[in-house]
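Let me begin by presenting the structure, written as structure tokens, before commenting on it.
The values are calculated or read from the model by the stated rules, or taken from the named source; none is laboratory data. Remember, predicted model here, so these are calculated numbers, not experimental data. A quick note on method: Cβ atoms are made from the backbone with ideal geometry, for glycine too, and the neighbour counts reach across all protein chains shown. Keep in mind that these areas ignore ligands, DNA and RNA; they rest on the heavy atoms of the full protein, side chains included. Shrake-Rupley method; radii C 1.70, N 1.55, O 1.52, S 1.80 Å.
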Amino acid sequence: MLSTDAFNYVNVLNKAADASWQRENILTNNIANVDTPGYKRRDLDFESTLKNELLGSQQKSLDATVSQVDLDNLEPAVYTDLTNYSYRLDGSNVDIDTEEVEFASEQIRYQGITAAINNEFNRMRAVLK
């Protein structure tokens, strides 16, 4: 990562892209285990982690807040979803339709994040010209 505050927005986007990539892998694993008896779906929630970090800083504007984000605190935890709930007889709580929709949504999110990173570097490049 870049070590100046001028690039902190890009660094936050980089953390978001990493989390999105990790979530895609988790969702793929859920899909692969859809027929595994007793398997409980796993997930990752980066949005709540980022929101908590942004609200934790006392800045008024979003730009000022992003520059104050501690990147070490942007490590979302993987959790097991609905561990005590199962609507299937085999004890699994993976719904293939839900997982596929979540996976498609996460792919779109990842593409949006990478586009935002590219746009930031294009802006920087334009300033340097």
(message) Could you compute Rg(Cα) / (2.2 N^0.38 Å) for the chain, with N its residue count?
(response) 1.29
(request) Using the Cα centre as the reference, give the magnitude of the dipole from point charges on the C-beta atoms of the chain (Lys, Arg: +1; Asp, Glu: -1; all else neutral), rounded to the nearest 20 debye. (result) 500 debye
(message) Could you put Lys15, Lys51, Lys129, Lys40 in order of accessible surface area, largest first, with the 1.4 Å probe and the full protein assembly present?
(response) Lys129, Lys51, Lys40, Lys15
(request) Using a Förster distance of 25 angstrom, determine the FRET efficiency expected from the C-beta separation of Asn52 and Trp21, and round it to 0.05. (result) 0.75
(request) Relative to the longest principal axis of the C-alpha atoms of the chain, give the angle of the C-alpha long axis of helix 8-32, reported between 0 and 90° and rounded to the nearest 10°. (result) 10 degrees
(message) Starting from 0.36 nm per residue, how many nanometres of slack lie between Asp45 and Asn122 once their C-alpha separation is accounted for?
(response) 24.8 nm
(message) Quick check: pseudo-label points 7 Å beyond the Cα along Cα→Cβ at Thr36 and Asp72, how many nm apart are they?
(response) 3.4 nm
(message) Run the helix sum for the chain: -39,500 (n - 2.57) per DSSP H stretch of 4+ residues, divided by residue count, reported at 222 nm to the nearest 500 deg cm²/dmol.
(response) -20000 deg cm²/dmol
(request) Return the distance in nm (one decimal) between the two label points of a simple spin-label model at Asp81 and Phe103, each offset 7 Å from Cα along Cα→Cβ. (result) 1.3 nm
(message) Can you give the Rg/Rh ratio of the stretch 75-129, where Rg is from the C-alpha atoms and Rh is the Kirkwood radius?
(response) 1.29
(request) Grab the other residues whose beta carbon is less than 13 angstrom from that of Ser20, score K and R as +1, D and E as -1, and report the net. (result) -4
(message) Using protein chains only and a probe of 1.4 angstrom, how many square angstrom of Thr80 are accessible, to the nearest 10?
(response) 70 Å²
(request) For Phe121, tell me the accessible area in Å² from a 1.4 Å probe, rounded to the nearest 10. (result) 80 Å²
